[in-house]
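Have a look at the structure below before the remarks.
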Amino acid sequence: MASLIEDYALLSDMQTGPLVSRRGSVDWLCAPRFDSPSIFGALLGTPADGRWLLAPAATVNDDGQDLPEDQWRLNCRVGDRSYAENTFVLQTVWITDTGSVRVTDFMPLSPEVDLIRRVEGLTGEVEMRQEITLRFGYGQVIPWISQFETVADPESEEPGESEVIALAGPDSIVLRADPMPVLVRDEHGPRHVGQFTVAAGQTRDFVLSHFESHRTPPAVRDVGSQLRETKELWRDWDAQWASSSGAPEPEHEAVVRRSLLVIRALMHQRTGGLVASPSTSLPESIGGDRNWDARYSWLRDASLALDVMLEHGHDREALQLRNWLLRAVAGDPSDMQNVYGLGGERENHEYSLDLPGYERSRPVRVGNSAARSHQSDTIGYVLVAFERLRRRGLEEDQLSWPLQKALLGHLLRQFELPDQGIWEMRGEPQFYTHTRVMMWAALQAGVDAVKVHGLDGDLQLWETHRDQLALEIWTSGYDPGVGSFVQHYGSTHVDASLLLLPTVGFVAWDDERMIRTVDRIVTELGDGHGLLRRYRNVHLPPDSDPADFESQLGQDGFAGEDVGHVSVTLWLALNWARSGQVERAREIVGAVLRRGSDLGLLSTAYDGEPGAGGRMLGNLPQALPHLSLVQAIAAIAQAEGRSLAPQVLDDPDDDPLPHQADQTHASGEIPVPTFEDTLRVAGNAAVHDRARKS
């Protein structure tokens with residue numbers, strides 16, 4: 001059985017992201033990319049679907065079966081588990097009755113895909129157990145396995161080494177181990193099993209490498225050198241933040257650093273695409289069917305990550321995300337998707353695997369049909385991100401501005417169409433207030449491009465539709481009867497996406513109408529444990545039988561209520577910080593951090609109270625909660641006057657941009673007019689007009 005979601009650690013080489021359980025089992029590894037089929041798939045099945053266990057022998061019984069933790073903790077325990085400072089080098093100290101060892105798991109930051117595990121004896125002697133079950137294609141393909149002996153080196157007189165090569169179709173794995181486990185076969189197929197003893201001062205290295213089957217295995221490299229290089233590279237990247245960002249409180253500094261590292265770890269090193277999560281189908285409700293494949297790149301996430309990287313000194317990554325966005329959406333705007341592959345691939349067919357699922361939660365999905373759902377807010381996120389780049393002095397080029405104008409043209413052609421909204425509802429399309437505001441923001445970005453930055457464009461057309469949208473939103477998206485914005489036109493309910501309306505300047509953070517909206521969201525969407533739901537899925541009278549809420553199909557097309565989501569809860573903290581309620585914002589951030597793992601990782605959702613049966617739910621780690629956490633902490637720092645002024649964007653020499661066209665504005669900080677007063681006038685006019693008609 002797989003471990004609790006919070007017990008998994010992420011490793012990363014910025015190409016893929018294996019998950020290692022607290023008990024020392026790599027239960028999830030896709031190779032060579034995040035979105036490739038799994039090689040280790042026990043996370044969503046059983047050990048027979050692939051895993052790599054490396055732990056003290058005391059954690060298994062005489063037959064090699066995993067013991068429950070309450071049994072092996074009698075004479076064996078994890079003394080410490082942590083990342084080496086500001087890296088993704090995982091260090092786990094095991095303490096047994098006979099001694100202690102440290103297991104170091106990491107992936108070198110290189111073009112190859114290598115997973116390395118080093119065992120070091122610290123005290124006494126510890127008997128270790130190793131079990132490797134290789135299964136390609138999400139556990140469905142048993143590879144052909146061969147073992148080879150390399151030739152001894154005649155000059156150094158070093159003996160040859162054993163290699164195990166697993167081959168099936170386009171994929172190959174080579175295992176180099178000291179000592180090499182023994183191949184055994186049973187009713188589940190082949191696996192490699194072995195036990196060995198490590199004494200104080202001894203070191204054992206195990207290296208698993210993926211390579212294309214038509215190529216030769218990668219060369220052997222010194223593990224010690226790779227370990228030092230990997231730590232240095234992660235720390236060099238992290239150090240950029242230390243000199244370029246704002247100043248959060250000391251208690252939050254490590255949190256921001258880890259979240260930025262997570263975001264970087266989920267950016268593909270070659271394409272710059274940001275994967276929403278390295279996992280698929282970890283359920284948002286145990287036994288439920290809200291299980292999604294998040295191993296793809298959402299335009300919305302990439303746009304938010306661009307802004308976060310820009311504001312925290314990581315200009316190179318901001319430009320990588322910018323260029324990825326351009327490549328992904330290039331083409332006919334009518335073909336634009338919400339979700340792409342890591343390289344901008346558009347094929348994304350959703351289907352289910354024949355796996356039992358995490359704790360029997362099915363279906364296990366591959367692909368995500370949200371790629372083709374109608375979400376008009378996405379254009380707004382993209383164009384707002386590009387506007388923020390312009391404010392920081394980045395000039396448009398011969399591709400970027402014409403493409404943005406084409407996106408605005410496409411938005412206007414969809415001006416009167418409802419959509420599925422930010423939550424990718426699988427029910428009837430609606431005119432979601434958040435979507436309409438993001439469409440407004442897209443047009444505002446176009447207007448600013450012309451009036452502030454001197455670019456060409458149909459200013460009158462964009463201004464006309466922008467103002468029309470503003471009046472429409474205040475008329476139909478705001479309900480004076482309930483005193484708040486509403487989820488969609490014709491509704492009296494709220495959803496958490498309304499918390500984002502001030503982020504694009506549509507309404508002030510401290511506007512009374514926004515404050516009342518936030519208050520309603522807290523009251524109506526609270527999960528009872530300190531987090532917010534995204535929306536109420538089933539609308540029934542409060543005194544209804546609880547079973548009715550769980551059985552009735554709701555607005556998202558599924559039965560049952562939504563659970564507490566981490567991202568939207570942090571949006572609440574952002575609102576409170578921006579509106580001057582800093583202590584309340586700080587409390588929310590603290591509540592979220594208590595729901596993070598011991599390694600600082602955040603999942604999609606959380607159910608219950610920490611320490612009282614509460615647990616992580618959904619994919620781990622999820623990029624959006626980490627993005628939202630960084631933004632919330634930055635807002636608290638800015639509210640307390642501890643932020644730094646934005647810097648002119650640094651375009652690194654080793655990451656060239658496309659050709660830059662001449663512009664009429666200077667680089668650096670650019671004064672951008674706000675439209676809050678105009679919007680207040682439009683909003684008041686809409687309210688008064690409705691009052692007269694009623």
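The values are calculated or read from the model by the stated rules, or taken from the named source; none is laboratory data. Since this is a predicted model, take the numbers as computed values, not measurements. All Cβ positions, glycine included, derive from the backbone under ideal geometry; neighbour counts span all protein chains shown.
Selection over the stretch 310-340 of residues that are touching a Ser or Thr at 6+ places or on another chain (Cβ under 7 Å), part of a loop (DSSP other than H, G, I, E, B) and within 30 Å of Ser285 (Cα to Cα) gives a count of 1. Would a scan of the stretch 61-79 turn up a residue that is within 20 Å of Ser597 (Cβ to Cβ), in contact (Cβ under 8 Å) with a residue 60 or more places away in the chain and buried (at least 17 other Cβ atoms within 10 Å of the Cβ)? Within the stretch 61-79 (the criterion being within 20 Å of Ser597 (Cβ to Cβ), in contact (Cβ under 8 Å) with a residue 60 or more places away in the chain and buried (at least 17 other Cβ atoms within 10 Å of the Cβ)), the answer is no, since none of the residues qualifies. Set side by side, the residues Phe196, Phe211 differ, and just one is in a strand (DSSP E or B), touching a strand residue (DSSP E or B) at 6+ places or on another chain (Cβ under 8 Å), at pLDDT 95 or above and within 18 Å of Met128 (Cα to Cα), which is Phe196. Does Ser25 qualify as being closer than 30 Å to Glu345 by Cβ, polar (S, T, N, Q), touching a strand residue (DSSP E or B) at 6+ places or on another chain (Cβ under 6 Å) and crowded, with 22+ Cβ neighbours inside 10 Å? Considered against the rule, which asks whether it is closer than 30 Å to Glu345 by Cβ, polar (S, T, N, Q), touching a strand residue (DSSP E or B) at 6+ places or on another chain (Cβ under 6 Å) and crowded, with 22+ Cβ neighbours inside 10 Å, Ser25 comes out as no.
For the stretch 436-448, the criterion of being touching a residue at least 12 places away in the same chain (Cβ under 8 Å), under 23 Å from Leu304 (Cα atoms) and assigned to a strand (DSSP E or B) is satisfied by no residue at all. Of the residues making up the stretch 216-240, just one is over 23 Å from Pro18 (Cα atoms) and over 27 Å from the mean Cα position of the chain (by Cα), namely Thr216.
Checked against the criterion of being within 25 Å of the chain's Cα centre (by Cα) and surrounded by fewer than 17 Cβ atoms within 10 Å (Cβ to Cβ), the candidates Ala247, Ala200 yield just one match: Ala247.
Per-residue answers, yes or no, for (1) at pLDDT 95 or above; (2) part of a loop (DSSP other than H, G, I, E, B):
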site: Leu29; (1), (2): yes, no
site: Arg33; (1), (2): yes, yes
site: Ile39; (1), (2): yes, no
site: Ala48; (1), (2): yes, no
site: Trp52; (1), (2): yes, no
site: Ala58; (1), (2): no, no
site: Gln71; (1), (2): no, no
site: Leu74; (1), (2): no, yes
site: Gly79; (1), (2): no, no
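Selection of first residues in the stretch 564-582 that are without any contact (Cβ under 8 Å) to a residue 12 or more places away in the chain and of second residues that are among the polar types (S, T, N, Q) and in a helix (DSSP H, G or I), restricted to Cβ pairs under 9 Å at least 6 apart or on distinct chains, gives the following pairs, ordered by first then second residue: Gln581/Asn575. For the stretch 353-411, filtered to residues that are of a type in the set (Phe, Trp, Tyr) and over 17 Å from Val450 (Cβ atoms), the residue that is surrounded by the most Cβ atoms within 10 Å (Cβ to Cβ) is Tyr381. When Leu471, Leu500 are checked against the criterion of being in contact with a Leu (Cβ under 9 Å, 6 or more places away or on another chain), of a type outside the set (D, E, K, R) and not in a strand (DSSP E or B), a single residue qualifies: Leu500.
In a residue-by-residue description of the stretch 166-188, the property of being exposed (fewer than 14 other Cβ atoms within 10 Å of the Cβ), under 27 Å from Trp72 (Cβ atoms) and in contact (Cβ under 8 Å) with a residue 40 or more places away in the chain applies to at least one position. For the stretch 439-460, the count of residues that are surrounded by 20 or more Cβ atoms within 10 Å (Cβ to Cβ), under 29 Å from the mean Cα position of the chain (by Cα) and among the polar types (S, T, N, Q) is nonzero.
Residues that are of a type outside the set (Lys, Arg), at pLDDT 95 or above and within 30 Å of Ser100 (Cβ to Cβ): does the stretch 133-146 have at least one? There is at least one residue in the stretch 133-146 that is of a type outside the set (Lys, Arg), at pLDDT 95 or above and within 30 Å of Ser100 (Cβ to Cβ). Every condition in (1) at pLDDT below 95; (2) among the hydrophobic types (A, V, I, L, M, F, W, C); (3) closer than 12 Å to Ile5 by Cβ holds for Leu620 except the one numbered (1). Quick check on Glu212: is it of a type outside the set (Val, Ile, Thr) and either within 21 Å of the chain's Cα centre (by Cα) or closer than 23 Å to Gly17 by Cα (or both)? Taking the combined requirement at face value, the residue satisfies it. Please determine, by comparing only the residues of the stretch 354-374 that are within 14 Å of Asp35 (Cβ to Cβ) and outside any helix (DSSP H, G or I), which one is modelled with the lowest pLDDT. Here the residue is Asn368. If you go through the stretch 486-493 one residue at a time, do you hit one that is surrounded by 21 or more Cβ atoms within 10 Å (Cβ to Cβ), aromatic (Phe, Trp, Tyr) and within 32 Å of the chain's Cα centre (by Cα)? No, the conditions are met nowhere in the stretch 486-493.
Listed here are the helices (runs of 4 or more DSSP H) enclosed by the stretch 516-635 that have at least 3 residues being more than 24 Å from Leu310 (Cα to Cα): 546-551, 582-593.
Among the residues examined, Met14 qualifies as hydrophobic (A, V, I, L, M, F, W, C), within 24 Å of Pro111 (Cα to Cα) and out of contact with any Lys or Arg (no Cβ under 6 Å at 6 or more places or on another chain). Residues satisfying the criterion are absent from the stretch 256-266 (criterion: surrounded by fewer than 17 Cβ atoms within 10 Å (Cβ to Cβ) and assigned to a loop (DSSP other than H, G, I, E, B)). For the stretch 474-497, a residue qualifies if it is in contact with a strand residue (DSSP E or B) (Cβ under 9 Å, 6 or more places away or on another chain), assigned to a loop (DSSP other than H, G, I, E, B) and not aliphatic (A, V, I, L, M), and the qualifying residues are Gln487, Tyr489, Gly490, Ser491, Thr492, Asp495.
Restricting the stretch 339-363 to residues that are in contact with an Asp or Glu (Cβ under 8 Å, 6 or more places away or on another chain) and not hydroxyl-bearing (Ser, Thr, Tyr) leaves a set whose member that is farthest from Leu408 (Cα to Cα) is Leu355.
For beta carbons closer than 8 Å, sequence separation of 6+ or different chains, a first residue in the stretch 471-484 that is on the phi > 0 side of the Ramachandran plot and a second that is part of a helix (DSSP H, G or I) and among the basic types (Lys, Arg), the qualifying pairs are Gly483/Arg513; Gly483/Arg516; Gly483/Arg520.
The sole residue among Val275, Val256, Val223 that is among the β-branched types (Val, Ile, Thr), in contact (Cβ under 8 Å) with a residue 60 or more places away in the chain and closer than 30 Å to Glu345 by Cα is Val275.
Residues that are small (Gly, Ala, Ser), touching a Lys or Arg at 6+ places or on another chain (Cβ under 8 Å) and in contact (Cβ under 8 Å) with a residue 40 or more places away in the chain do occur in the stretch 613-623.
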